[in-house]
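Please read the structure below before turning to the comments.
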Amino acid sequence: MSTMATRLVSELTERGETLSFCESLTAGLASATVASVPGASAVLRGGLITYATEVKSHFLHQPVADIEAAGVVSGETALAMARAAVAETAADWGIGLTGVAGPDLQEGKPAGTVYIGIYSPARVAFSQLLSGLGKERNEIREATVAAAFRLLCATVEENPALREQ
């Protein structure tokens, strides 16, 4: 996980771009992992921990009922979280992480069901479903962060730097 975080910090530093997180099930683990990399201050703008639905409602500027209708654990919510990370911090890239760390079902979804949202204004807006990330809470949370870093690294590499546009 730290190798991917180092790669991500290096790539974004080289491009002169920044990122922020809006985390639910990972509760700040992604932000903390990036912050552990020397030089992270050049790219990490901040992070929101939106564990409770009411807190998601505040930062996503959506009524709780709308979030619940879409699914707290859904691609739509993950993407909205990524957008909120960018909106709140003026970052170039936003990552939204929502899912079920377990052990209980949430919204009928089993532990290890995770959605990652990635957003960069005028470039990228998508979410991806992951499942089967493990059986234990922390295993799922760590696998989520590692998957988010891999996905963001691949997405960053596929898109031209802002200064090249």
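Each value in this text was obtained by applying a stated rule to the coordinates, not by laboratory testing. If you're wondering where the values come from, they're calculated on a predicted model, not measured in any experiment. FYI the Cβ positions are ideal-geometry reconstructions off the backbone, even for glycines, and counts take in every protein chain you see.
Let's see if you can work this out: charge +1 on each Lys and Arg Cβ, -1 on each Asp and Glu Cβ, no other charges. What is the dipole magnitude of the stretch 2-159 about its Cα centre, in debye to the nearest 20?
For the stretch 2-159, the charge dipole is close to 160 debye.
Give the relative contact order (percent, whole number) for the stretch 33-165; include only Cα pairs under 8 Å separated by 6+ residues.
Numbers: 208 pairs, mean separation 22.0, N = 133.
So the answer I get is 17 percent.
Going by how many other beta carbons lie within 10 Å of each one, how would you line up F149, F126, fewest first?
Going from sparsest to densest Cβ surroundings: F126, F149.
Would you please give the residues with an amide H less than 5 Å from that of I49, counting only those at least 5 places away or on a separate chain, with H modeled from the backbone geometry?
Amide H to amide H, under 5 Å and 5 or more residues apart or across chains, I49 pairs with E23.
Taking a ≥ b ≥ c as the square roots of the Cα gyration tensor eigenvalues, with a/c under 1.5 meaning rounded and otherwise prolate when a/b beats b/c, else oblate, which class fits the stretch 61-153?
Oblate shape, in that a/c is at least 1.5 and b/c is the bigger or equal ratio.
As a test of understanding, state the convex hull volume per residue of the chain from its alpha carbons, in Å³.
93
Which whole-Hz ³J(HN,Hα) couplings does the stretch 37-43 yield from phi under the Karplus relation 6.51 cos²θ - 1.76 cosθ + 1.60, θ = phi - 60°, glycine and proline marked x?
The phi angles translate into 8, x, x, 4, 5, 6, 10 Hz.
Which residue fluctuates most in the GNM of the chain (Cα springs below 10 Å): A122, A70, A101?
Maximum fluctuation in the GNM of the chain, among the listed residues, is at A122.
Which whole-Hz couplings ³J(HN,Hα) result when phi for each residue of the stretch 94-104 is put into the Karplus expression 6.51 cos²θ - 1.76 cosθ + 1.60, θ = phi - 60°, listed in order with x for Gly and Pro?
x, 10, x, 10, 9, x, 10, 7, x, x, 7
In what sequence do C22, C153 fall when counting other Cβ within 10 Å, fewest first?
So the ranking, lowest neighbour count to highest, is C153, C22.
Of the options H61, T33, A78, report the single residue whose Cα projects farthest towards the positive end of the charge dipole of the stretch 27-148 (beta-carbon charges: Lys, Arg +1; Asp, Glu -1).
The one lying farthest along the dipole's positive direction is T33.
Could you give the distance between the Cα centres of the stretch 1-69 and the stretch 114-165, to the whole Å?
Using only Cα atoms, the two centres lie 11 Å from each other.
Order of R163, R123, R15 from fewest to most other C-beta atoms within 10 Å?
Result, fewest neighbours first: R163, R123, R15.
What is the local net charge at E11, summed over the other residues whose Cβ is closer than 13 Å to its Cβ (Lys, Arg +1; Asp, Glu -1)?
Once all neighbours under 13 Å are counted, the net charge is -2.
Let a ≥ b ≥ c be the square roots of the eigenvalues of the Cα gyration tensor of the stretch 12-86; is it rounded (a/c under 1.5), or, if not, prolate (a/b larger than b/c) or oblate?
Values: a/c = 2.91, a/b = 2.20, b/c = 1.33.
In terms of gyration-tensor shape, prolate.
Helix 75-89 versus the longest principal axis of the chain: what angle, 0 to 90°, nearest 10, using Cα atoms?
Once rounded, one gets 50 degrees.
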